[in-house]
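S.K.: Below is one structure. I have some questions about it.
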Amino acid sequence: MAERIRVSFEFFPPKTAEMENSLWEAVARLGPLAPNFVSVTYGAGGGTRERTHATVRRILAETPLTPAAHLTCVAATRAEIDAVIHAYQDAGVRHIVALRGDPPGGAGERYAPHPGGYQNAADLVAGIKRIADLEVSVSAYPEKHPDSPSVEADIDMLKAKVDAGATRAMTQFFFENDSYFRYLDRVRARGIDIPIVPGILPVQNFKQTKNFAARCGASVPRWLAERFDGLDEDVATRKLIAAAVAAEQVLDLVARGVTDFHFYTMNRADLVYAICHLLGLRPAPLTSLSHRERVPARSAGG
Ligand SMILES: Cc1cc2nc3c(=O)[nH]c(=O)nc-3n(C[C@H](O)[C@H](O)[C@H](O)COP(=O)(O)OP(=O)(O)OC[C@H]3O[C@@H](n4cnc5c(N)ncnc54)[C@H](O)[C@@H]3O)c2cc1C
């Protein structure tokens, strides 16, 4: 099984020294599983943005892993975003996850593009491609993005992102695999043929997952709530249930032909590591990991 399974891991930039330790422990544990890439999310404020850049730079400097830097259109002019893209290119980043992003006040507020900024994710993908031939991944929503009037409108946006140059989409997390396959059928029927990689969220904390799901439009099935019922104070059992739930989900996806997975790690390795083990992945000594291609920085002329 392991030969054909490919994984990527998503991390968020840490805010405190303690969170910094958890992140690098998770990177050290998961890195030897030789992920296709590791991605680092991007926040709305200047401080969190700098933390994203610093995290990406450290991955490049201290690990053999290939980073993918998330980038959003929120609260920034085109020139500011273009400067970030140039800086990533200069630092040796070759993969960007291009997103519209949530309004600065958070999901639920009405989104208004910055007057001098990129209008949406497709516009950002085109902007990145105008600057450099970087690999660009984007988001996809099997259960529809909350701002979108319909799944069809969502798929129109995905098509626009692909037409602008995106070559992979990672999905929002979901718990009902049928919803992913129904979405995939509609995406393929629309003529979109890039990989639509399922985003897997191991349920580290059910209450938190329910809150995330409410904000991003993912549904939490009753059977999932029932499995975690009564375990709010019982961390050890919760973890076992979480591993069982995620194992069931990914093994069903594999049985139905899925070979690539994007894990929302929440900067914690244990559940993700266990699920990858079930998928047949085994740690390789760091020296035998394929080192990413070191491409010279862009010339002064861009
Ligand atoms: C894999 C993944 C990674 C993510 N990483 C980050 C991250 O690092 N940082 C972060 O802040 N967020 C992140 N997000 C969340 C994402 O930014 C939000 O979901 C955001 O609200 C939409 O951005 P998008 O690029 O996913 O949406 P898009 O693909 O641009 O849009 C999604 C849908 O919303 C519709 N839509 C968009 N704008 C409007 C509008 N103004 N009116 C009506 N409909 C509209 C589109 O037509 C489309 O159907 C991530 C999401 C995923 C799935």
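The values are calculated or read from the model by the stated rules, or taken from the named source; none is laboratory data. Worth saying up front: this structure is predicted, and the values here are computed from it rather than measured. Virtual Cβ from ideal backbone geometry, glycine too; neighbours counted across all protein chains shown. Note: areas computed on protein heavy atoms with side chains; ligands, DNA, RNA excluded. Shrake-Rupley method; radii C 1.70, N 1.55, O 1.52, S 1.80 Å.
S.K.: One-quarter of the Cα convex hull surface for the stretch 157-228, in nm²? Mind showing how you got there, number by number?
M.R.: Details: hull surface 21.1 nm².
Approximately 5.3 nm², given one-decimal rounding.
S.K.: Something else now. Pulled fully out, how much extra length does the chain show between Arg29 and Glu50, if you take 0.36 nm times their separation in residues and subtract their Cα-Cα distance?
M.R.: Numbers: separation 21, 0.36 × 21 = 7.56 nm, distance 2.45 nm.
Result: 5.1 nm gained on full extension.
S.K.: Here's a follow-up. Within a Cβ distance under 12 Å of Thr237, other residues only, what is the Lys/Arg minus Asp/Glu net charge?
M.R.: Values: positive: Arg227, Arg238, Lys239; negative: Asp229, Asp232, Glu233, Asp234.
Once positives and negatives cancel, what remains is -1.
S.K.: Using a Debye calculation, one point per C-alpha and no hydration shell, please list log10 I(q)/I(0) for the chain at q = 0.13 Å⁻¹ in order.
M.R.: -0.96
S.K.: For the stretch 1-135, what is the accessible area per residue in Å², given a 1.4 Å probe and the full set of protein chains? Numbers along the way, then the final one.
M.R.: Working: 5820 Å² over 135 residues.
Accessible surface, normalised per residue, equals 43 Å².
S.K.: Could you check how much of the accessible area of the chain is carbon and sulfur, as a whole percent, using a 1.4 Å probe? Display every interim value, and only then the final one.
M.R.: Details: 7270 of 13950 Å².
Roughly 52 percent, rounded to a whole number.
S.K.: Further question: Among 45-52, 164-171, how do they line up from the highest to the lowest mean number of other beta-carbon atoms within 10 Å? Walk me through the numbers on the way to the answer.
M.R.: Working: 45-52: 14.8, 164-171: 21.4.
The densest-packed peptide leads the list: 164-171, 45-52.
S.K.: Right, another one. If you average the sequence gap of Cα pairs under 8 Å that are 6 or more apart and divide by the length of the chain, what percent do you get for the contact order? Kindly include the intermediate steps, with their values, before the conclusion.
M.R.: Values: 480 pairs, mean separation 71.1, N = 302.
Once normalised by length, the contact order is 24 percent.
S.K.: Something else now. Where q = 0.17, 0.20, 0.22 Å⁻¹, what log10 of I(q)/I(0) comes from the Debye formula for the stretch 69-136, counting one point per Cα?
M.R.: At q = 0.17, 0.20, 0.22 Å⁻¹ the computed log10 ratios are -0.55, -0.74, -0.87.
S.K.: Going by Cα centres, the stretch 2-74 and the stretch 131-176 are how many Å apart?
M.R.: Here the answer is 21 Å between Cα centres.
S.K.: How big is the stretch 138-278 by the Kirkwood estimate over distinct Cα pairs, in Å? Walk me through the numbers on the way to the answer.
M.R.: Working: mean 1/r = 0.0631 Å⁻¹.
In the stretch 138-278 this quantity evaluates to 15.8 Å.
S.K.: Can you tell me the dipole magnitude for the stretch 74-170 around its Cα centre, using point charges on the Cβ only (Lys, Arg +1; Asp, Glu -1), in Debye to the nearest 20? Could you put the intermediate results ahead of the total?
M.R.: Details: 10 positive and 14 negative charges, 29 e Å.
Rounded to the nearest 20 debye, it is 140 debye.
S.K.: As a quick test, which of the pairs Lys159/Lys239; Lys15/Lys159; Lys129/Lys207; Lys144/Lys207; Lys15/Lys210; Lys15/Lys144 have an alpha carbon distance above 28 angstrom in this structure? Before the final figure, lay out the partial values.
M.R.: Numbers: Lys159/Lys239 38 Å; Lys15/Lys159 35 Å; Lys129/Lys207 39 Å; Lys144/Lys207 22 Å; Lys15/Lys210 23 Å; Lys15/Lys144 30 Å.
Lys159/Lys239; Lys15/Lys159; Lys129/Lys207; Lys15/Lys144, as the Cα separations exceed 28 Å there.
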